[in-house]
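*Asks:* Dropping the structure in here first, questions after.
Only the coordinates and a few stated rules stand behind these numbers; no lab work does. Owing to the predicted nature of the structure, the values given are computational and were not obtained by experimental measurement. Cβ placement follows ideal geometry from the backbone for every residue including glycine, while neighbour counts extend to all protein chains displayed.
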Amino acid sequence: MIGSTTLPPSGTGAVRRFLREYGHEILVALAILALLVGVGLYNPRFVSARNLTTIFSGNAYIAVAAIGMTMVIVIREIDLSVGALIGVLATISGTLAVSGAPIWVAWTVPIIAGAAINAISGILVAYARIPSIVVTLGMMAILQGGLITATGGTWISNLPPEYLLAKMTVLGLPMPLVWAIALTIAAGLWMRLSPFGRSLYLIGGNAEAARAVGIEVPRRIVAVFMIHGAFAGLATLLFATQLQVIQSTTPPNLELIVITSAVIGGVSILGGTGTVFGSSLAAVLFATIGSALIFVNVSAYWLRAFIGTLILLTVMADMLRRKRTMKGA
Amino acid sequence: MLKRHGHETVLAGLVVIALLVMSFQSAQFLTTGNMLNQGRLMAEVALVALAMTFVIVSGGIDLSVGSTMGLCAILTGVLWQNMGLPLGVVLAIIPIIGLICGLFNGFLIIRVGMPPLIATLGTLALYRGLAEGISQARSVRGYPEWFAGIGQGSILGLPTQIWILGVALVLAGVILGLTRWGRTVQAIGYSEPAAHFAGLPVNATKYAVYAVSGLAASLAAILFVSRVSTTRSDMGTGLELDVITAVVLGGTSIFGGRGTIIGTALGLVLVQVLKNGLSLAGVRGDGTLVLIGVVLVLTLVAGAFMENRVRR
């Protein structure tokens, strides 16, 4: 799965290798395209500039959050608390913004706070050896309950206009879209090319081997959880600045959507494989499906059933593929 | 005794301390009325937690219990009000639906080979999605009086739930601790390959464990719907957190192989005492959520340290 960088590939071999390595990502991209064309023919308003902006820009924060989740799942861990974390960080950021703190403070604190909060989960997972699923289940309860207890459920309004990052544009493109693309490419290249990034695949694929070649696995686990927290902070900036108000509740099922994006994007839940290109594309696919349901007049209440089915089908396909490669080898 | 049941002893001590502290905090706490009512309130979580103990002891996990409960609750309302089936028939169908939900989890885990965590995360979304899709977020009300009797009535002066819980508790305790089947579950959780080579029916046992988990969730749904006399698609949301907390608090190893029903029962009581005591002391529901999270994490940390010491 980790592509070797030895021989310069030639001609059709390069194409074939690209297809083999990024087959899943291409599949997801094709699915998006098929949906856009199919539903677009049924209802042209689906592919109107306005709706496309809503789909791509409005859900960019999910792609950003899924980048960090991808790293967590690649090292064979999981984080159920990311939705609650984003809710907490949004309230922290919004409170700073309305209390007159400089805007850059309101923008950077969530990123640092995200990393700091997730460091706790990481330490419990890496050093106390508690399964990440239970640690983050507990963290989810603490963050969710703590948020509502602290705020009493009030909303933050009167956000200063210069704080609303998600409403800004770069070269005519909405800021969230630019961020999602830039962060995906940066993180994707980092995971593929840097020694640290590549070590994550080894940790997820074979932790024993990683230890044997001298990688300090527990320290990397904490680092990955912190990086994931920082990405949650970045996602928060895009999420919290979309509207004029910040609700002091956690977005329902956000962790599920983020995890699903990673899984549907080809990140194996068994660790060791998957790219952030896949997870970001899957986040877009997700948003497209959600919007398409509305345009073909299917009640949005069915959305979660679709999500569940998609998770199960993707993981099933992953299991079958693994069985086949094992037999082939 | 102390050596073998150290965790349970410590837990029982904690329960007593919590009871004492809470009864000093509020005069209403240690009254018969309040105690019986708490027993009524904890029945749904407790039923599912008893089944979850088997699941976790077998080395698995079931995150879909809350959604199964939601789906069963919704179907109770829809089958009765929209499809016009007699409520008695519906009450016979719902446990079957719970069984099917559990068996489907088993299918994904055993036949397809998915990790239990991810399979039940998927069905958590799927079952809740079905509940939402089927109900279209409409609630069902107006249940007949006899039905409300299940969840609100009493038998010989004790709430119905206490009787059901008592029977379930004894049944689960005997099965897990004293029968061959219970030991099979423990063996699977301790080492699945070893259980397999010992000739134990690994797959059949795992199917049964997940089926029982689904069944318990459906019974919890019936109790819950009857107690509150309405049906909503978000019923049971977050149930898995309460349940897993109680089981893990009770000393069941999250890695499987070890756990007792007594432990789970004590874990359930401790959580309920804390919840009730805090609410009587004026702490809002969300504050107790924080506490449950903290208790869960601290228990796990303590358990991890104890285990490390034993290994050394």
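*Asks:* Could you work out [θ]222 nm for chain A from helices alone, using -39500 (n - 2.57) per DSSP H run of at least four and dividing by all its residues? Round to the nearest 500 deg cm²/dmol.
*Replies:* My calculation for chain A gives -24000 deg cm²/dmol from helical runs alone.
*Asks:* Would you kindly compute the Cα radius of gyration of the stretch A:45-328 and its largest Cα-Cα separation (Dmax), both in Å?
*Replies:* In Å, with Rg to one decimal and Dmax whole: 18.7, 62.
*Asks:* If one computes the Cα centroid of the stretch A:198-220 and of the stretch B:1-79, what distance in Å separates the two points?
*Replies:* Cα centres, the stretch A:198-220 to the stretch B:1-79: 39 Å.
*Asks:* Also, quick follow-up: Using alpha carbon coordinates only, what is the Rg to Rh ratio of the stretch B:164-310, with Rh defined as the Kirkwood radius?
*Replies:* Here Rg/Rh amounts to 1.00.
*Asks:* What size of dipole, in debye to the nearest 20, comes out for chain A about its Cα centre when the only charges are +1 on Lys and Arg C-beta atoms and -1 on Asp and Glu C-beta atoms?
*Replies:* Dipole about the Cα centre, nearest 20: 880 debye.
*Asks:* At a Förster distance of 22 Å, what's the computed FRET efficiency of A:VAL37 paired with A:ASN297, Cβ-Cβ distance as r, to 0.05?
*Replies:* 0.75
*Asks:* Take the alpha-carbon centre of the stretch A:304-321, take the same for the stretch B:205-224, and report the distance between them in whole Å.
*Replies:* 23
*Asks:* Let me confirm one metric for peptide A:309-315, namely the mean number of other chain beta-carbon atoms within 10 Å of its residues' beta-carbons.
*Replies:* 6
*Asks:* Let a ≥ b ≥ c be the square roots of the eigenvalues of the Cα gyration tensor of the stretch A:228-321; is it rounded (a/c under 1.5), or, if not, prolate (a/b larger than b/c) or oblate?
*Replies:* Because a/c hits 1.5 or more and a/b fails to exceed b/c, the stretch A:228-321 counts as oblate.
*Asks:* In debye to the nearest 20, how big a dipole does the protein assembly as shown give about its Cα centre with +1 on each Lys and Arg Cβ and -1 on each Asp and Glu Cβ?
*Replies:* It works out to roughly 1180 debye.
*Asks:* With point charges of +1 on the Cβ of Lys and Arg and -1 on the Cβ of Asp and Glu, referenced to the Cα centre of chain B, which listed residue (B:MET52, B:LEU219, B:ALA302) lies farthest in the positive direction of the dipole?
*Replies:* Sorting the options by dipole projection puts first B:ALA302.
*Asks:* Would you mind listing how long the stretch B:7-311 runs along its three principal axes, going by Cα atoms, in whole Å with the largest first?
*Replies:* For the stretch B:7-311, the Cα extents along the three principal axes come out at 57, 52, 34 Å.
*Asks:* Taking one equal scatterer on every alpha-carbon of the protein assembly as shown, how large is log10 of I(q)/I(0) by Debye at q = 0.06, 0.09, 0.10, 0.11 1/Å?
*Replies:* Reported log10 I(q)/I(0), two decimals: -0.34, -0.78, -0.97, -1.18.
*Asks:* Kirkwood Rh over alpha-carbon pairs of the stretch A:175-263, then Stokes-Einstein at 20 °C and 1.002 mPa s: what D in µm² s⁻¹, rounded to an integer?
*Replies:* For these conditions, the coefficient is 141 µm²/s.
*Asks:* Additional query: Could you state the principal axis extents of the C-alpha atoms in the stretch A:77-195, from the largest down, to the nearest angstrom?
*Replies:* Reported extents, whole Å, longest axis first: 46, 45, 19.
*Asks:* Counting each pair of different Cα atoms once, what's the Kirkwood radius of the stretch A:113-183 in Å, rounded to one decimal?
*Replies:* Taking the inverse mean of 1/r over all distinct Cα pairs, the stretch A:113-183 comes out at 15.5 Å.
*Asks:* In nm, to one decimal, how far is the modelled label at B:MET83 from the one at A:ILE123, with both set 7 Å along Cα→Cβ?
*Replies:* 5.3
*Asks:* Sorting check: for A:226-239, A:121-134, which peptide has the highest mean count of neighbouring beta carbons within 10 Å, and how do the rest follow?
*Replies:* Top to bottom by mean Cβ count within 10 Å: A:226-239, A:121-134.
*Asks:* Now for a different question. Using +1 at the C-beta of Lys and Arg and -1 at the C-beta of Asp and Glu, which of A:ILE259, A:VAL88, A:HIS24 has the Cα lying farthest in the positive direction of the dipole of the protein assembly as shown?
*Replies:* A:HIS24
*Asks:* Could you give P(r) for the stretch A:11-145, binned at 10 Å from zero, as whole percent values over all Cα-Cα pairs?
*Replies:* 10, 26, 25, 26, 12, 1
*Asks:* Something else about it: Calculated FRET efficiency, A:ILE185 and B:ALA148, Cβ-Cβ r, R0 45 Å, to nearest 0.05?
*Replies:* Once the sixth-power term is evaluated, E becomes 0.15.
*Asks:* Here's another thing I want to ask about it. So what's the stretch B:131-213 giving for Rg/Rh, alpha carbon basis, Kirkwood Rh from the mean inverse pair distance?
*Replies:* 1.20
*Asks:* Out of A:ALA317, A:TRP104, A:LEU238, whose Cα points farthest toward the positive end of the dipole of chain A (charges: +1 Lys, Arg; -1 Asp, Glu; placed on Cβ)?
*Replies:* Result: A:ALA317, furthest along the dipole toward the positive end.
*Asks:* If you don't mind, another one. If Rh is defined by the Kirkwood formula over all Cα pairs and Rg also comes from Cα, what ratio Rg/Rh do you get for the stretch B:1-129?
*Replies:* 1.10
*Asks:* Find the relative contact order for the stretch A:45-328 and round it to a whole percent, using C-alpha pairs within less than 8 Å whose residues are 6+ positions apart.
*Replies:* Taking the mean separation of contacting Cα pairs over the length of the stretch A:45-328, I get 36 percent.
*Asks:* Mind listing the long-range amide H neighbours of B:PHE255? Cut-off is under 5 Å, sequence gap 5 or more, other chains count too, H placed in the peptide plane at 1.01 Å from N.
*Replies:* Sorted by chain and number, the residues that satisfy this come to none at all.
*Asks:* Once label points are set 7 Å from the Cα along Cα→Cβ at both B:LEU41 and A:ALA317, what is their separation, rounded to one decimal in nm?
*Replies:* The modelled label-to-label distance comes out at 4.7 nm.
*Asks:* Suppose each label sits 7 Å from its Cα in the direction of the beta carbon; what would the A:PHE18-B:VAL283 distance come out to in nanometres?
*Replies:* The two pseudo-label positions are separated by 5.9 nm.
*Asks:* May I pose another question? Can you tell me the dipole magnitude for chain B around its Cα centre, using point charges on the Cβ only (Lys, Arg +1; Asp, Glu -1), in Debye to the nearest 20?
*Replies:* In total the dipole reaches around 500 debye.
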